[in-house]
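Colleague: The structure's right below; bear with me while I get my questions together.
The values are calculated or read from the model by the stated rules, or taken from the named source; none is laboratory data. Just so we're clear, the structure is a prediction, and the values are computed from it rather than from any experiment. Backbone-built Cβ (ideal geometry, glycine too); neighbour counts: all protein chains shown. In case anyone asks, the SASA skips ligands and DNA or RNA and just uses the protein heavy atoms, side chains included. Shrake-Rupley method; radii C 1.70, N 1.55, O 1.52, S 1.80 Å.
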Amino acid sequence: MAWDPKTYLTFGAERTRPAAELLARVPIKTATRVADLGCGPGNSTEVLRGAILAVPVGQIEAARAFGMSPFKRWWRIIIPAMLPYAIPGLANLWLILTKDTALLAVVGYSELALETRQAAGVTKAYFTFYVAAGAIYLAITLLSNQLFVRLERHLRRGMPQHR
């Protein structure tokens, strides 16, 4: 199988070990497929399908009655009405993907878990590096969560509160 050199990710020449250089050259398609294992496109499609079905049919019929084109209907009615329903599910898939990126280290993609394992193996300070990696993952998760909470609050303005 011939691979196009443009599809490779290369991480600088600072690596001195030949094995590390080989592992740093992983096709983008392979990394994407491994990332899809955790929350594949089917899950995000289901989240979006459910959000679209949550849009009241009367709003779509009213837009049709006003003579809006299908593009205008989607842009002005359906997408703004479906986003508040889609954001929680998509946020959940984002957090799952963030935590499952450690699978990319299996195919050699340079990722936080792989770098932590390599640095801890060289220095023998396993606890320090794994605590630091855990703190980084926690920070990414908390910041992402706060971002999605604010985005959902912004998109749900004017909607009744669910308690």
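Colleague: If you scan region 65-80, which residues turn out to be under 22 Å from GLY50 (Cβ atoms) and either open to solvent by 70 Å² or more (accessible area, probe 1.4 Å) or among the small types (Gly, Ala, Ser) (or both)?
Modeller: PRO70, TRP74, TRP75, ARG76
Colleague: Something else now. Having 2 or more residues that are at pLDDT 90 or above is the bar; report the helices (runs of 4 or more DSSP H) wholly within region 1-96 that clear it.
Modeller: 41-53, 57-65, 70-73
Colleague: May I pose another question? Is it the case that region 105-126 has a residue that's more than 30 Å from ALA54 (Cβ to Cβ), of a type in the set (Phe, Trp, Tyr), modelled with pLDDT of 85 or more and not in a loop (DSSP other than H, G, I, E, B)?
Modeller: Taking every residue of region 105-126 in turn, at least one turns out to be more than 30 Å from ALA54 (Cβ to Cβ), of a type in the set (Phe, Trp, Tyr), modelled with pLDDT of 85 or more and not in a loop (DSSP other than H, G, I, E, B).
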